[in-house]
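Note sheet for the following structure.
The values are calculated or read from the model by the stated rules, or taken from the named source; none is laboratory data. Note that this is a predicted model, so its numbers are computed, not measured. With ideal geometry, Cβ positions are generated from the backbone for all residues, glycine too; neighbour counts draw on all protein chains shown. We work out accessible area using only protein heavy atoms, side chains counted, and drop any ligands, DNA or RNA first. Shrake-Rupley method; radii C 1.70, N 1.55, O 1.52, S 1.80 Å.
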Amino acid sequence: MTATLDCRICGGTLHEFFDFGRQPVADAFVDPDGGPEEFFHRLAVGMCTSCTMVQLLEDVPRERMFRTDYPYLSSLSSVMQDHFTSTAHRFLDTELRDPGDLLVEFGSNDGIMLDTIRRAGRRHLGVEPCDGVAEAAAAKGIRVRNAFFEEETAAAIAEADGPAKVIYAANTFSHISYIDSVFRGVDALLAPDGIFVFEDPYMADIIERTSFDQIYDEHFYFFTVRSVQAMAAHHGFELIDVEPLAVHGGEIRYTVARPGVRTPSPAVGRFLEREKAARITEPETLAQFGAKVDKVRDDLRALLERCRAEGRTVVGYGATAKSATLTNYCGIGPDLVSFIVDSTPAKQGKLSPGSHIPVRAPEAFATPYPDYGLLFAWNHAEEIMRKESAFRAQGGQWILYVPGVHTV
Ligand code: SAM
Ligand code: TMP
Ligand code: ZN
């Protein structure tokens, strides 16, 4: 594990603005029958005073996070399935015009996006280090290289498959601390007129909604248009487009290209202005964010303690990686939340990292319904509330904590 006070992008000085203390690996679910000792690290965030990139101060070794048995499966959400199907169609319609054009996706997981490219019979390659999810994609007939995307992997792909017209990564690029190696890989692999497109949680949304649970070991960088523009330039690329996305609680899709090859969209300038007006990189804004985080913690603990005192039952919904930060920072264990339901087979029967709340299959939510459902998967609220509409119909209430603690 490497602790640093230097910016991983430009070498500038980091200004630490929040410390969540000791936190577990957010996707490392615990075997109730025992197993290897849990690994903890200090989860703290800082902003670079030069390039403004927000980043973690400690880097958990990648093999501890992205293991053979990495449990996260992208395809369990129908909303995300629709999102990635339309993303793939956009690439097919606008970029992959020549039958020989290649699309490479890193962090392809179970193939949620690439399956549409495969069905269209187009050249593609997924790069995914976790064996289980990589095998799930390969079983669908998707071409997958079981590896971490970095300079060497990209150079080997360029050698074997030729240049890529599109390199794509969703909820992955911001997970990679060694981003300089990734940029060198993009440089080795991208066609002269190609685009590198990535989408990740937006720091401005995290600040605005106090969605501090987006901060956990796998999310190493927290992008803004300003910091991504600086990062792209630092690595010899140009940010040419930005597009806000409603998924995962607010994201931005960034498009970068080789300098001067494509005309930048006016959206880039618009977002830069908006970020300046919102003062998201001002130290006072970051200090206020910290105060709001602690208010959410205090309000949520008070509500859960009141429920316990009144004998009301609370069950968590969605054993998200985000909920590791929330439960461990707020001190929420099985005494306050009896169990969490989750549709991911590999999480069921396990205990949540650090907080050790049992995880069960979704059917357990209704047998019998609890008084309150604490929605850890708040970014999937619409889909889950639709699926579980009977819960509220019979008198149940959802507890949400973004943008503040409230019940619906
Ligand atoms: N793209 C999918 C989505 O948006 O639902 C999966 C996102 S998941 C949160 C992040 C994925 O990135 C994991 O499957 C992980 O194994 C993979 N990953 C992490 N580091 C990587 C790297 N250096 N190269 C390729 N994939 C990586
Ligand atoms: P995410 O917020 O990182 O995408 O994780 C969502 C978690 O919630 C994941 O473990 C799957 C789970 N989930 C359900 O249990 N039911 C659902 O309907 C959805 C959409 C997700
Ligand atoms: Zn910097």
message: What's the number of the only condition in (1) in contact with a Leu (Cβ under 7 Å, 6 or more places away or on another chain); (2) over 29 Å from D131 (Cβ atoms); (3) open to solvent by 20 Å² or more (accessible area, probe 1.4 Å) that S343 fails to meet?
response: (2)
message: I'm trying to understand the selection: among the residues of the stretch 349-363, which are within 13 Å of ligand 2 (Cβ to nearest atom), open to solvent by less than 40 Å² (accessible area, probe 1.4 Å) and either among the hydroxyl-bearing types (S, T, Y) or in contact (Cβ under 8 Å) with a residue 40 or more places away in the chain (or both)?
response: S352, P353, V359
Odd one out for Y221 among (1) open to solvent by 20 Å² or more (accessible area, probe 1.4 Å); (2) in contact with a Phe, Trp or Tyr (Cβ under 9 Å, 6 or more places away or on another chain); (3) not charged (D, E, K, R): (1)
message: So if I check each of R184, R226, which one is modelled with pLDDT of 95 or more, among the basic types (K, R), within 16 Å of ligand 3 (Cβ to nearest atom) and farther than 22 Å from H83 by Cα?
response: R226
- request: Only residues that are within 11 Å of ligand 1 (Cβ to nearest atom), among the small types (G, A, S) and over 21 Å from S86 (Cβ atoms): list them for the stretch 115-139, please.
  value: G132, A134, A136
task: Take the residues in the stretch 147-198 that are among the hydroxyl-bearing types (S, T, Y) and part of a helix (DSSP H, G or I), then tell me which one is surrounded by the fewest Cβ atoms within 10 Å (Cβ to Cβ).
output: S181
field: Criterion: touching a His at 6+ places or on another chain (Cβ under 7 Å) and either surrounded by 24 or more Cβ atoms within 10 Å (Cβ to Cβ) or among the small types (G, A, S) (or both) - qualifying residue of G126, G121, G46
entry: G46
query: So A88 clears everything in (1) farther than 22 Å from P192 by Cα; (2) buried (at least 21 other Cβ atoms within 10 Å of the Cβ) except one condition, right? Which one?
result: (1)
message: Of everything in the stretch 3-40, what is more than 10 Å from G354 (Cβ to Cβ), among the aliphatic types (A, V, I, L, M) and at pLDDT 95 or above? Give them in sequence order.
response: I9, L14
message: Condition first: out of contact with any helix residue (DSSP H, G or I) (no Cβ under 8 Å at 6 or more places or on another chain), within 16 Å of ligand 1 (Cβ to nearest atom) and either modelled with pLDDT of 95 or more or among the aliphatic types (A, V, I, L, M) (or both). Can you find one or more residues in the stretch 346-362 that meet it?
response: yes
task: State yes or no: is L92 away from ligand 1 (no atom under 16 Å from the Cβ) and assigned to a loop (DSSP other than H, G, I, E, B)?
output: no
task: Only residues that are open to solvent by less than 20 Å² (accessible area, probe 1.4 Å) and not charged (D, E, K, R): list them for the stretch 260-284, please.
output: A267, V268, F271, I280
query: Restricting the first residue to the stretch 381-392 and requiring it to be in a loop (DSSP other than H, G, I, E, B), which pairs with a second residue that is open to solvent by 20 Å² or more (accessible area, probe 1.4 Å) meet a Cβ separation below 7 Å and a spacing of at least six or different chains?
result: none
- prompt: Looking at the stretch 295-306, is at least one residue out of contact with any helix residue (DSSP H, G or I) (no Cβ under 8 Å at 6 or more places or on another chain), of a type outside the set (D, E, K, R), surrounded by 21 or more Cβ atoms within 10 Å (Cβ to Cβ) and assigned to a helix (DSSP H, G or I)?
  reply: yes
message: Go through the stretch 364-378 and report how many residues are open to solvent by 30 Å² or more (accessible area, probe 1.4 Å) and either in a helix (DSSP H, G or I) or modelled with pLDDT under 95 (or both).
response: 2
- prompt: Among (1) open to solvent by 40 Å² or more (accessible area, probe 1.4 Å); (2) within 17 Å of V25 (Cα to Cα); (3) not charged (D, E, K, R), which single condition is T313 missing?
  reply: (2)
- prompt: Which one of I215, I207 is surrounded by 22 or more Cβ atoms within 10 Å (Cβ to Cβ) and away from ligand 1 (no atom under 16 Å from the Cβ)?
  reply: I207
task: Check A88, A120, A147, A139 and return the single one that is in contact with a Pro (Cβ under 9 Å, 6 or more places away or on another chain), without any contact (Cβ under 8 Å) to a residue 40 or more places away in the chain and not β-branched (V, I, T).
output: A147
query: Which of (1) of a type in the set (D, E); (2) touching a Leu at 6+ places or on another chain (Cβ under 8 Å); (3) over 24 Å from E63 (Cβ atoms) is the odd one out, the single condition D217 does not satisfy?
result: (3)
